[in-house]
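**Student:** Here you go, one structure.
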Amino acid sequence: MFDILLRFRVHKYFFLCDIRRMYRNILITPEQRSLQNILWRDSPQEPISCLQLQTVSYGLRSSSFLATRCLYELAIRYKDEFPLGSKAILQSSYVDDIVQSHNDLDTIINIKRQLIDLLSLGSFNLHKWCANNSAILSDIPTEKQQHSDELEFQKEIKTLGLKFNVNNDSFQFAPMLEQPATTKRQILSFISQFFDPLGLAGPLFVQAKEIMQSLWISKVGWDSAPPPEILTKWQEFYSSLTRMQPLTIKRNVCLDNQTNAELVGFSDSSAKAYGCAIYLRSTDKNGKISMSLICSKSRITPLNSNLSMPRLELNAALLLAKTMARVYDSLKDELQIQNVYLHSDSQVVLAWLKTNPIKLNAYVANRIKLMQQLTNNYLWSYIKTDQNPADCLSRGVSPCDLMQHPLWFNGPKFMLDPDYKFTEFNYEAVKCNLPEIKVVSGDLNEGGPVCAASLKVNSVVGNIITKYSSISKAQRVLAYVQRFISNLKKTRSEQIKCNYLTYSELNQALLLIIKHEQMKYFSSNIKRLQEGKQTESSLKGLNPFLDADGLIRVGGRLQHSALPYAHKHQIILPNDSYVTQLIVKNEHVILLP
């Protein structure tokens, strides 16, 4: 839905429609229909009848998937015959709703015709048509349009759960005000009615989320009144909603005769919340510049975590990086995006982005590494807090003030200047006092001791590897060596480990062995990755990166999946390494039937 709505906002012409009785047009395989039998009788005196539903049923967990999968199959089978209609089904449909836009009038009319013909092959009929140009609906019967002779034309309709005004081509946001809620159940029920997948009214929802968090922490009963301080805050928020004028947000964020398009993102955090906002900066052939909010994301700060302000700012910047990557992927085929610019008002975070993750503590290093991957081709800049639109998300804005807010909907005014140039952040002034830098024993300015220690460790690991013909044996010996060294460093008051080896100790030993082999075979690649450069060897196709432990792992699109980290980013092993042979041999022995 998020991607569909994004694409819906970047073209001049549009049409909306939905598939009439979509579920009822899909037959279930005869072998499966017995699973939809219903036993029924009108009275206890009548015999029981068996009714069988032969089409997709409403209310089943699988229903939406089955219907969507049928549409997908239809689009794939006839993509060569109906290329525009197939693309519309794959990219612009959500269950039975179709939301399509395009800058060329003839093209969108052709999309409509192909869509009708393609769906008719699956016995699907489209109705509730509406558009912002009468030529699009010229051949659509009146009874199939959103309005008819019997019904007065509705100015506001619902598309993908959002109120949309067809006349002025804009989204409408106005809360459904009822009797003031006074219990936890009523308050949460009211807040859950807010629906804003693009985050266009994000600052309002931040305040609502804060109240929701406070309610859960208070642990009051569902039908009990919240504590006085929470109830007061809720009443003030509700009172402000009643005075708020409906928000009207234009759908099309692009200029006519647009020649240049840029994505501009902002992130910010406070002790209560953090978030990001993304804008489309458009330039037409006359040099006119427009900036419009296209989406935002926000998160409430967890109360059970003692995160420092730099870490909160880092989480906000990471949210921006993830959101911008998704926005860019959704719009890159719709617009010619020349540049992407990202902004933060935290100089510490911007300096971290220019720091090798190996030098940072694990919490920061993992996030910085991901951000560097996601925003490798983007430019990060510094922006003052009072000029940062994302500040509206981190601190919230009163419902009465949001519509007239100078920053939220159009971004900083100085970016509307045609002569404004985006500049990269210069981190030289803050890099010397950065927090979260790993503490290394010894003087870092005297490289000798550190290098010597590294050489000794590598020598020990190398000797162990060559001494044993079993990876598990070498792993356990090295784990005991590491424990012995750890025990030597402990004071008398600290407990010395002398029991069985733990999984963590064995895993650390294995990682150290693999790291030794990678240093032996991939030293030039590691050096380039440490310098922030891409590899030039055969590893390049794997999009390699260094993790927080200095190990080379596979990058790529799996990073967006829900798989565990080790599955998404496998450790790369040298092909000719003795260790690789031992690992493969060990797995064969374990899995031998």
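**Student:** Please report the spacing between the Cα centers of the stretch 118-143 and the stretch 338-385 in Å, no decimals.
**Tutor:** 47
**Student:** Put a dot 7 Å past each Cα toward the Cβ at residue 472 and residue 224; how far apart are the dots in nm?
**Tutor:** In this crude label model, residue 224 to residue 472 measures out at 5.5 nm.
**Student:** Pick out, in residue order, every one of the chymotrypsin sites (Phe, Trp or Tyr not before Pro) in the stretch 1-106 that is DSSP loop and has at most 12 other C-beta atoms within 10 Å; say none if there are none.
**Tutor:** Details: sites: 2, 8, 13, 14, 15, 23, 40, 58, 65, 72, 78, 94; in loops: 58, 78.
Hits after loop and neighbour filter: 58.
**Student:** Per DSSP H run of at least 4 residues, take -39500 (n - 2.57); add these up for the chain, divide by its residues and hand me the 222 nm value, nearest 500 deg cm²/dmol.
**Tutor:** Details: 18 runs with 225 residues, N = 593.
When only DSSP H runs of four or more count, the value is -12000 deg cm²/dmol.
**Student:** For the stretch 182-321, what class follows from the C-alpha gyration tensor (a ≥ b ≥ c being the square roots of its eigenvalues): rounded when a/c is under 1.5, otherwise prolate if a/b is larger than b/c, else oblate? Write down the numbers at each step before the final one.
**Tutor:** On the way: a/c = 3.56, a/b = 1.74, b/c = 2.05.
Since a/c reaches 1.5 but b/c is at least a/b, the shape of the stretch 182-321 is classed as oblate.
**Student:** How far apart, in nanometres, would the label points at residue 329 and residue 144 be if each is projected 7 angstrom from Cα along the Cα-to-Cβ direction?
**Tutor:** Calculated label separation equals 3.5 nm.
**Student:** Can you pick out the pairs among 144/285; 209/568; 322/540 whose Cα atoms lie more than 28 Å from each other?
**Tutor:** Values: 144/285 39 Å; 209/568 32 Å; 322/540 23 Å.
Check vs 28 Å cut-off fails for 144/285; 209/568.
**Student:** Quick one: net charge around residue 524, please, counting Lys, Arg +1 and Asp, Glu -1 for every other residue with C-beta under 12 Å from its C-beta.
**Tutor:** Working: positive: 520, 527, 528, 533; negative: 531, 536.
Once positives and negatives cancel, what remains is +2.
**Student:** Starting from the Cα gyration tensor of the stretch 267-344, take the square roots of the eigenvalues, sort them a ≥ b ≥ c, and report rounded, prolate or oblate (rounded when a/c is under 1.5, otherwise prolate if a/b is larger than b/c, else oblate).
**Tutor:** Working: a/c = 3.18, a/b = 2.42, b/c = 1.31.
Cα axes put the stretch 267-344 in the prolate bin.
**Student:** Students often check this: by mean Cβ neighbours within 10 Å, which of 81-92, 159-170 ranks highest, and how do the rest follow? Walk me through the intermediate numbers first.
**Tutor:** Details: 81-92: 18.8, 159-170: 16.3.
Result, highest mean first: 81-92, 159-170.
**Student:** Right, another one. Would you kindly state how much longer the chain becomes between residue 536 and residue 549 on full extension, computed as 0.36 nm times their sequence separation minus their alpha carbon distance, in nm to one decimal?
**Tutor:** 2.5 nm
**Student:** Between residue 501 and residue 300, with labels modelled 7 Å along Cα→Cβ, what's the label distance in nm to one decimal, could you check?
**Tutor:** In this crude label model, residue 501 to residue 300 measures out at 4.6 nm.
**Student:** In terms of Cα to Cα distance under 20 Å, which lysines are near enough to residue 79, apart from those fewer than 8 places away along the same chain?
**Tutor:** 87, 112
**Student:** Further question: Multiplying the sequence separation of residue 248 and residue 489 by 0.36 nm and subtracting their Cα-Cα distance, what value in nm do you get?
**Tutor:** Here the answer is 80.2 nm.
**Student:** Over its Cα atoms, what ratio of radius of gyration to 2.2 N^0.38 Å does the stretch 447-591 give? List each step's numbers first, then the result.
**Tutor:** Working: Rg = 16.9 Å, N = 145, 2.2 N^0.38 = 14.6 Å.
Scaled against compact globular proteins, the figure is 1.16.
**Student:** Residue-wise, which Karplus ³J(HN,Hα) couplings in Hz belong to the stretch 69-74, taking 6.51 cos²θ - 1.76 cosθ + 1.60, θ = phi - 60°, and x for glycine or proline?
**Tutor:** Values, residue by residue: 5, 5, 4, 4, 5, 4 Hz.
**Student:** Now, a different point. Defining a contact as two alpha carbons under 8 Å apart and six or more residues distant in sequence, what relative contact order in percent does the chain show? Please list the in-between numbers first.
**Tutor:** Values: 875 pairs, mean separation 62.5, N = 593.
With pairs under 8 Å counted, the relative contact order is 11 percent.
**Student:** May I ask you to list the lysines whose Cα is less than 23 Å away from that of residue 467, ignoring any residue fewer than eight positions away on the same chain?
**Tutor:** 456, 515, 520, 585
**Student:** Next question. Please identify which residues in the stretch 316-358 have an amide N closer than 18 Å to a label point set 7 Å out from the Cα of residue 308, following the Cα→Cβ vector.
**Tutor:** Of the residues in the stretch 316-358, 316-318, 345-358 have backbone N under 18 Å from the label point off residue 308.
**Student:** Here's a follow-up. I want the local charge near residue 408. Using Cβ-Cβ distances under 10 Å, sum +1 for each Lys or Arg and -1 for each Asp or Glu among the other residues.
**Tutor:** On the way: positive: none; negative: 391, 401.
The answer is -2.
**Student:** Next question. Could you calculate the contour length gain from residue 558 to residue 106, that is, 0.36 nm times the residue separation minus the distance between their Cα atoms, to one decimal place in nm?
**Tutor:** Details: separation 452, 0.36 × 452 = 162.72 nm, distance 3.86 nm.
So the chain would gain 158.9 nm between residue 558 and residue 106.
**Student:** Would you tally the net charge around residue 329, using a Cβ to Cβ cut-off of less than 12 Å, leaving residue 329 out, and scoring K and R as +1, D and E as -1?
**Tutor:** Values: positive: 7, 322, 326, 332, 557; negative: 3, 333, 334.
Surrounding charge for residue 329 is +2.
**Student:** Okay, moving on. Dividing the alpha-carbon radius of gyration of the chain by 2.2 N^0.38 Å (N being the number of residues), what value is obtained? Write down the numbers at each step before the final one.
**Tutor:** Values: Rg = 29.8 Å, N = 593, 2.2 N^0.38 = 24.9 Å.
The reported ratio for this selection is 1.20.
**Student:** Could you compute how fast the stretch 517-593 diffuses translationally, taking Rh as the Kirkwood radius over C-alpha pairs and applying Stokes-Einstein at 37 °C with viscosity 0.692 mPa s? Give it in µm² per second.
**Tutor:** In µm²/s, the coefficient rounds to 239.
A short reminder: the numbers here are calculations on the coordinates, not readings from a lab. The structure displayed is predicted, hence computed values, not measured ones. Heads up, the Cβs are rebuilt from the backbone with ideal geometry, glycines too, and the neighbour counts pull from every protein chain shown.
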